[in-house]
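Enquirer: Starting off with a structure, shown below.
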Amino acid sequence: MAAWLGRLSGGLWVPPAAGDGARDGATVPAWFSTEVMRLDGPLGMLQLSNFGTMSAADPDAFEAALLRRSIGATMLYSTLETSHTVSYDVGAPEGMDIIVLGTSNQGGQRLRTAAGVQLMSVGRMGFMSSLGASSIEHLGVSETTGVVVPVSAVPGYQHALAAGAGTFPDTPLTRAAGAALGRMLFEWAKDPDQGEGALAGTETALVALVRSLFRQFPGDGETDRASLVRAEADRIIERRHRDAAFGIAELAAELHVSRRQLFRLYAGMDESLAARLLRRRLVTAREQLVSTPPQDLATVAVQSGFADAAALRAQFTRHVGVSPSAFRMAARTQPPRLAEAMLLSDEQPRPSA
């Protein structure tokens, strides 16, 4: 337990010297002991299996410890488990499809999908998606730390997610992301009483981090020049959408194509280029509206890429369905609901009789 906490903290927390005679469980802080959930034996396996199926050589001897923290619609987690295998069929409860990202910090894992077998050794990061069938074998006592996000948070990578599971490239980004997720969980578990702004900011950072990890894979259909240009356009929109002066002409100039060529690249797409830029600005506006301390509408408009408060109000009401002030009030009285697929089995709502 002490070594587990030390890894999560990134070395910030160091267990007491071995010579003081304290047992491992007694060396960890009280807040950590309180936050960690024990899930042992067949019942623990049932709880952890969620919408999958767990098996072990000796279910009665199975042991697991779980540390988790809900961050809006995402969840940071870390598990310490004895050897077992978890299998996932395609599909979570309706509307609850998720992606589980995790770094193997001890023990290692073996991922099996229709495409073959991948070994996720210590230090590597992988993912599991409810969009595809897979099985994950935990080798010996394993520790996995990561984040769970809704599939909707990572658009454009359905082909990768449909594989069920996989490993990320061993790059500086992947390694740094694994360390960051552990440290973020450590900080939130140790000091959870933060304001709405810190919570919303952390959720935004987590989603952005997950998206950046998947950008190391080719996006859906990115096999021709048109797809590559559209992917680059999305990256530019992500970077520059907060600038109200940024529009289609500026995007075309940065891509070194004409406006006519740019519009042609999006012909036949489900969403026009203008709609794509507007949608990204509205996402930022929603995030800014629930930030702490509250900001006036003119400030939210400037930070979201709208010319003024009137332009933001008109577009927000038209596309979101409520005014910005009504959205802000609803967000403060109704906190984000964690996807049911992220809950332990016995925490999920049961269908009414």
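Enquirer: Kindly evaluate A226 against the criterion of being surrounded by 14 or more Cβ atoms within 10 Å (Cβ to Cβ) and either over 28 Å from L67 (Cα atoms) or of a type in the set (D, E) (or both).
Expert: yes
Enquirer: Filter segment 149-195 down to residues that are open to solvent by 70 Å² or more (accessible area, probe 1.4 Å), more than 13 Å from S129 (Cβ to Cβ) and either outside any loop (DSSP other than H, G, I, E, B) or in contact with a helix residue (DSSP H, G or I) (Cβ under 7 Å, 6 or more places away or on another chain) (or both), then give me how many there are.
Expert: Qualifying residue count for the region: 4.
Enquirer: Still on this structure, please answer the following. Only residues that are over 19 Å from G164 (Cβ atoms), out of contact with any Lys or Arg (no Cβ under 7 Å at 6 or more places or on another chain) and surrounded by fewer than 18 Cβ atoms within 10 Å (Cβ to Cβ): list them for segment 48-81, please.
Expert: A57, D58, P59, D60, A61, E63
Enquirer: Does segment 289-314 hold any residues that are within 18 Å of I237 (Cβ to Cβ) and open to solvent by 60 Å² or more (accessible area, probe 1.4 Å), and which are they?
Expert: Those that are within 18 Å of I237 (Cβ to Cβ) and open to solvent by 60 Å² or more (accessible area, probe 1.4 Å): V302, Q303, A307.
Enquirer: Between S129, S121, which is among the small types (G, A, S) and open to solvent by 10 Å² or more (accessible area, probe 1.4 Å)?
Expert: Only one candidate passes the filter, namely S121.
Enquirer: Now for a separate question. Can you pull out the helices (runs of 4 or more DSSP H) entirely within segment 1-54 that have at least 3 residues that are modelled with pLDDT of 85 or more and in contact with a helix residue (DSSP H, G or I) (Cβ under 9 Å, 6 or more places away or on another chain)?
Expert: Here the list reads 2-8, 30-35, 41-49.
Enquirer: Kindly indicate whether any position in segment 188-205 is within 24 Å of T74 (Cα to Cα), out of contact with any Leu (no Cβ under 8 Å at 6 or more places or on another chain) and basic (K, R).
Expert: Yes - at least one qualifying residue is present in segment 188-205.
Enquirer: Taking segment 266-286 on its own, how many of its residues are at pLDDT below 85 and either under 27 Å from G195 (Cβ atoms) or open to solvent by less than 30 Å² (accessible area, probe 1.4 Å) (or both)?
Expert: Summing the residues that are at pLDDT below 85 and either under 27 Å from G195 (Cβ atoms) or open to solvent by less than 30 Å² (accessible area, probe 1.4 Å) (or both) in segment 266-286 gives 1.
Enquirer: Could you tell me which numbered condition A57 fails, if it satisfies all but one of (1) farther than 24 Å from R211 by Cα; (2) small (G, A, S); (3) assigned to a strand (DSSP E or B)?
Expert: (3)
Enquirer: Which numbered condition trips up R242, out of (1) more than 20 Å from the chain's Cα centre (by Cα); (2) open to solvent by 70 Å² or more (accessible area, probe 1.4 Å); (3) without any contact (Cβ under 8 Å) to a residue 40 or more places away in the chain?
Expert: Here R242 meets the rest and fails (3).
The values are calculated or read from the model by the stated rules, or taken from the named source; none is laboratory data. Being a predicted model, the structure only gives us computed values, none of them experimental. Note that each Cβ is placed from the backbone with ideal geometry, even for glycine, and that neighbours are counted across all protein chains shown. Accessible surface areas use protein heavy atoms only, side chains included; no ligands, DNA or RNA. Shrake-Rupley method; radii C 1.70, N 1.55, O 1.52, S 1.80 Å.
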